[in-house]
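The block underneath contains the structure these notes are about, expressed in structure tokens.
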Amino acid sequence: MKFLIVAGHEGTTGAVSGKLIEEVLTEQLAEKIAKVLRDQGHEATEPDFNLYDVVDTKMDYIKGFDYVLEVHFNAFNGTATGTEIFVANGITGIAVEKSIMQRMKKWFRLRDPDGVKTAAFKTITHLQKKGALLEVCFIDSKSDMATYLSNVDKIAKDIAYGILEGFGLPIKDLTPKQNPLKPSEDLAPDGKLFQVAIGAYTFRKNAEEEMAK
């Protein structure tokens with residue numbers, strides 16, 4: 001499948017909390033999500049445009065993707081926490097968004113019973129069923145950001161896997177395979193050792209030649 005993973009507030013800074021800048025965080029996270037999707041064998045693009053600015057003019061390009069996810073970080077005077085995802089008003093059949101929230105809830109509290117909400121945001125109104133806007137967590141919440149910054153790669157993977165699961169797509173195990181020892185085949189029984197004798201020789205030279213073989 002083809003996915004467009006959009007960094008919210010591209011070129012516009014977005015929310016700021018101390019040294020944390022939403023635009024920077026969304027760019028990093030969008031690329032990580034896209035990479036996971038590519039590693040899973042799909043086409044995934046993290047564009048260099050602000051979706052809000054081009055959603056009217058680039059719809060032909062955007063419609064070429066099977067699903068569009070725009071990532072953001074919320075803010076509310078440091079007093080709110082949690083994660084949520086928005087789809088356009090009137091949208092039903094939100095399996096992908098529910099799947100993303102099922103994975104996100106192990107990191108952050110859901111800001112709705114299932115974390116999925118509807119809104120009249122411009123971008124998702126244009127996208128309709130083909131996309132959603134994810135508020136990962138609150139940039140001005142110390143607890144949210146401590147969790148996020150310590151687990152960003154795992155969170156990116158969970159978001160990507162949530163998308164795939166929502167579409168009913170398989171997730172490949174990309175963990176390098178190991179070849180563990182099989183005691184019955186590779187270890188001598190009862191702590192004993194296998195011994196190898198090269199041989200016995202009158203001349204050192206002959207012994208060394210045999211040992212080199």
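The values are calculated or read from the model by the stated rules, or taken from the named source; none is laboratory data. From a predicted model like this one, the values you see are computed outputs, not experimental measurements. Because the Cβ atoms are built from the backbone with ideal geometry, glycine has one as well, and the counts that use them run over all protein chains shown. Surface accessibility is based on the protein's heavy atoms, side chains included, excluding ligands, DNA and RNA. Shrake-Rupley method; radii C 1.70, N 1.55, O 1.52, S 1.80 Å.
Charges were assigned to the Cβ only: +1 to each Lys and Arg, -1 to each Asp and Glu. The resulting dipole of the chain about its Cα centre is roughly 500 debye.
For the chain, what number results from the quotient of the Cα radius of gyration and 2.2 N^0.38 Å? Don't jump to the answer; show the numbers that get you there.
Numbers: Rg = 26.2 Å, N = 213, 2.2 N^0.38 = 16.9 Å.
Normalised Rg, Cα atoms only: 1.56.
If you sort the three axes of the alpha carbon gyration tensor as a ≥ b ≥ c, you get a/c of 1.5 or more for segment 137-181 and a/b no higher than b/c, which makes it oblate.
Here Val16 sits with roughly 90 square angstrom of accessible surface, probe radius 1.4 Å. Taking amide H as placed 1.01 Å from N in the peptide plane, Gly131 has its amide H under 5 Å from the amide H of Val68, each at least 5 places away in sequence or on another chain.
Given +1 at the Cβ of Lys and Arg, -1 at the Cβ of Asp and Glu and no other charges, the dipole of segment 1-88 around its Cα centre is 200 debye to the nearest 20. Computed over the chain with a Gaussian network model linking Cα atoms closer than 10 Å, the most mobile of Lys32, Lys19, Lys98 is Lys19.
Straight-line cross-link partners of Lys157 among the lysines, defined as a Cα under 21 Å from its Cα and at least 8 positions apart when in the same chain: Lys2, Lys32, Lys35, Lys98, Lys105, Lys106, Lys130, Lys172, Lys177. Think of segment 1-110 as a dipole: +1 on every Lys or Arg Cβ, -1 on every Asp or Glu Cβ, centred on the Cα centre; then among Leu4, Met101, Ala15, Met101 lies furthest on the positive end. Neighbours of Ala75 by Cβ distance under 14 Å: Lys/Arg scored +1, Asp/Glu scored -1, total -4. The angle between the Cα long axis of helix 95-104 and the longest principal axis of the Cα atoms of the chain comes to about 60 degrees, rounded to the nearest 10.
Cα extents for segment 38-121 along the principal axes, largest to smallest and rounded to whole angstrom: 38, 31, 27. Converting phi to 3J(HN,Hα) with the Karplus coefficients 6.51, -1.76 and 1.60 and the offset θ = phi - 60°, segment 108-113 yields 9, 6, 7, 8, 6, x Hz in sequence order, with x at every glycine or proline.
Can you send over the carbon and sulfur percentage of the accessible area for the chain, probe radius 1.4 Å, protein chains only? That fraction is 52 percent. Within the listed set Thr125, Thr79, Thr175, the residue fluctuating most in the Gaussian network model of the chain (springs between alpha-carbon atoms under 10 angstrom) is Thr175. When the chain is treated as a GNM, springs tying every alpha-carbon pair under 10 Å, which of Met145, Met104, Met59 comes out with the largest mean-square fluctuation? Comparing Met145, Met104, Met59 in a Gaussian network model of the chain, the most mobile one is Met59.
Across the chain, the relative contact order, built from alpha-carbon pairs under 8 Å that are at least six residues apart, equals 22 percent. Overall, segment 4-50 carries a charge dipole of about 180 debye about its Cα centre when +1 sits on the Cβ of Lys and Arg and -1 on the Cβ of Asp and Glu, all other atoms neutral.
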